[in-house]
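Encoded as structure tokens, the structure appears first; notes follow it.
Quick note: the coordinates plus some simple rules give every number you see, no bench work behind them. Source: prediction; values computed, not measured. All Cβ positions, glycine included, derive from the backbone under ideal geometry; neighbour counts span all protein chains shown.
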Amino acid sequence: MSSILSNRRSFLKSAAAAGIAAGTVTIVAPHQVRGSQANSRVRIACVGQGGRGHMISKMVHEHPGLEVAAVVDYFPKVASAAAKQFGLPENKAFSGLLGYQRAIDSGVDAVVLKTPPYFFPIHSAAAVKAGCHVYVAKPVAVDVPGCLTIAELGKKSTANKKVFHVDFQWRYLPYLVECLKYIREGKMGDIRFVRAFYNDEGREDHKVEKNISELFQGLRWAMSRELGGDRNVSAGIHAIDTALLVIGSRPLKACGVVQRSRKNPVNTATDTASLTYTFPKGVVMNYSGDQFRNYHSEIDMFSGVKAYAQDAHMQTFYDEGVTQMRNADWRYKGGENRNLYTWGALHNVDLFHKHVTKGNYANTTVPGAVDANLTCLLGSEAGRAGTEMTWEQLLAKKDRMEIDTTGLVQ
């Protein structure tokens with residue numbers, strides 16, 4: 001995480017060369033963009049000061065066009081430490097379950113949301129209602145109603161001339177962007193089979209002693225279906241979203257198995273998945289993933305997508321792997337991915353700033369993020385039920401995930 005500014009310069013150079021800025025930019029008068037008057041910076045409340053949340057906050061702090069105006073974390077000591085680091089007064093550090101609302105009410109232009117995904121629809125709705133721009137992590141929700149809420153908030157933000165951006169990194173990798181262009185041009189022919197996978201080392205399966213806030217830190221929430229979704233939702237979405245970009249459509253149905261395979265499981269999230277998705281035109285995708293503490297990245301790239309057509313093949317990996325494609329008589333060599341985790345975050349923070357200040361309110365990341373999230377949930381629901389489930393059957397599910405808020409500080 002060191003040398004963020006140096007990384008930013010390298011990223012901006014490569015991004016410009018690749019032409020990967022998303023959407024068409026519309027120039028508007030500065031006074032029409034809240035918080036982006038001439039020579040001013042966009043004032044942001046950074047909600048969630050865990051690992052990635054704090055990293056993003058630091059990037060916001062170091063960006064010449066952005067300003068950390070408030071910090072939020074459920075835990076007061078964490079919020080206070082972040083405020084001190086970013087030079088904020090103590091009254092700009094907010095904590096508790098409603099800290100996000102107090103930060104919004106303090107007067108900001110935008111929010112960055114990096115909390116357990118359960119809270120994203122709630123926090124996003126409050127931000128949009130207050131007229132703020134939104135930058136949110138993925139997955140955007142842990143259930144179908146939450147996904148549909150985010151979809152509507154994206155549309156509402158566009159209508160209100162506000163930015164709503166979802167923080168995917170893989171989408172902007174120059175090599176992948178080039179592969180997608182060639183796929184759309186037909187260089188692979190008809191894709192018939194896609195393999196997507198996400199393997200990880202696992203998280204602490206912490207037993208709750210007093211209240212659920214004990215799961216808010218250290219990615220413990222990833223072991224809770226209520227807070228983070230099943231593992232194919234909270235982590236597998238990286239690969240599944242990329243697979244959907246490659247295939248170019250959402251699935252028709254899914255079947256397979258998801259289960260808790262860890263020893264003596266405590267919390268509710270599953271951690272292994274083997275799923276088969278069927279798409280229009282007969283395209284089939286297999287997704288597999290697990291989270292065991294066996295450091296098996298030595299055996300296989302931990303996250304990737306491979307696509308196959310007649311006499312053609314394409315592959316991309318999340319980090320430290322080559323993105324490339326070829327057919328019988330042609331090859332795009334692509335390149336090796338390096339530090340996509342940080343590079344992608346820098347790209348998205350800068351892109352968020354550009355969209356806010358230039359008035360690009362197309363919010364093109366939202367529909368794709370919702371589709372990817374729902375695709376993950378489709379696999380999770382089908383796997384838990386042990387039956388085939390269609391897209392329409394998934395959308396008919398109205399149940400919301402609920403957490404026990406007993407003992408939580410408001």
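At a glance:
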{"quantity": "Orientation-averaged projected area, Cα convex hull of the stretch 228-287 (nm²)", "calculated": "4.2"}
{"quantity": "Set K129/K397; K129/K161; K58/K84; K84/K156 screened for pairs whose C-alpha atoms are more than 23 Å apart", "calculated": "K129/K397; K84/K156"}
{"quantity": "DSSP-defined antiparallel bridges as percent of all bridges, the chain, nearest 5", "calculated": "60"}
{"quantity": "The chain, relative contact order in percent, only Cα pairs under 8 angstrom and at least six apart counted", "calculated": "21"}
{"quantity": "Centroid-to-centroid separation of the stretch 339-410 and the stretch 148-188 [C-alpha atoms, Å]", "calculated": "12"}
{"quantity": "The chain - mean residue ellipticity at 222 nm from DSSP helices (-39,500 (n - 2.57) per run, n ≥ 4, rounded to 500)", "calculated": "-11000 deg cm²/dmol"}
{"quantity": "Pairs from K114/K358; K187/K358; K138/K253; K138/K187; K138/K358 whose Cα-Cα separation, in the structure shown, is over 26 Å", "calculated": "K187/K358; K138/K187"}
{"quantity": "Global geometry of the chain, whether rounded, prolate or oblate, following the gyration tensor of its Cα atoms and the 1.5 cut on a/c", "calculated": "oblate"}
{"quantity": "Dipole moment magnitude, nearest 20 debye, the chain about Cα centre, only Lys, Arg, Asp, Glu C-beta charged", "calculated": "860"}
{"quantity": "Loop-resident sites, the stretch 302-356, for trypsin sites (Lys or Arg not before Pro), counting at most 13 other Cβ within 10 Å (DSSP)", "calculated": "R338"}
{"quantity": "Spatial extent of the stretch 261-381: Rg and Dmax, with the Cα atoms as the point set, Å", "calculated": "18.1, 53"}
